[in-house]
Amino acid sequence: MKKAIAIFVCALLGLVAGYFAAPAASFLFIQSTQRDMFGAFALSLVDSSVACNCDGQPPSESLKTVKQDLSILQRWRDQNRNSRVLGQEIGLTQVRLSRLEGELGDNTQADADMTKAQEELAALGWRDTSAAHLIALTKQLNSEYKPADQKNKTVGESQGLASIGRP
């Protein structure tokens, strides 16, 4: 009887350990063997933090967050120079950074970051890289990530974005 209980306890402990160890092991396996897949996953995390974690924060805190995200994106870009997705994300993040710096009154740095964004996106083949277009684009992208209000509309739709043909 003691042998059966010992086997049961060992099996149960093995199941519990496997339950917690398997996700970590699979995460490490994917990271080491499927770099593109892992990079896409990490990019989606960064992209969502750039687009929506700045809501409700003061501009100075948002600026810090966006600078960190830009730094991460640039490090990934150093590892994968040909990635058009990373180039686009870097360009759009620089536009967001420029907007925040403009809000804080640092117009010189805002203009410099906007120029970098325009150059990055133009190198990818974007036709319209005017500051007005890029600012409108990032505002629209940010509004798509805002939480729903009480009327089951997104905050962006309740502010009039639905009138431009968006569902």
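None of 87, 105, 91 is of a type in the set (Gly, Ala, Ser) and either on the phi > 0 side of the Ramachandran plot or not assigned by TED's automatic domain parsing to the domain that holds residue 134 (or both) except 105. A Cβ distance below 8 Å, combined with a sequence gap of six or more or placement on separate chains, defines the contacts here; from segment 106-132, residues that are within 15 Å of residue 87 (Cα to Cα) reach residues that are among the aliphatic types (A, V, I, L, M) and surrounded by fewer than 19 Cβ atoms within 10 Å (Cβ to Cβ) in the pairs 114/131; 118/131; 129/122. Within segment 66-85, the residues that satisfy the criterion of being crowded, with 17+ Cβ neighbours inside 10 Å and either under 21 Å from residue 143 (Cα atoms) or of a type in the set (S, T, N, Q) (or both) are 66, 69, 70, 83.
The set of residues in segment 116-132 being closer than 27 Å to residue 58 by Cα and either touching a Ser or Thr at 6+ places or on another chain (Cβ under 9 Å) or at pLDDT below 90 (or both) consists of 116, 117, 118, 131.
The values are calculated or read from the model by the stated rules, or taken from the named source; none is laboratory data. Predicted model only: the values in this text are computed from it and were never measured. Reconstructed Cβ throughout: ideal geometry from the backbone, glycine too, with neighbour counts over all protein chains shown.
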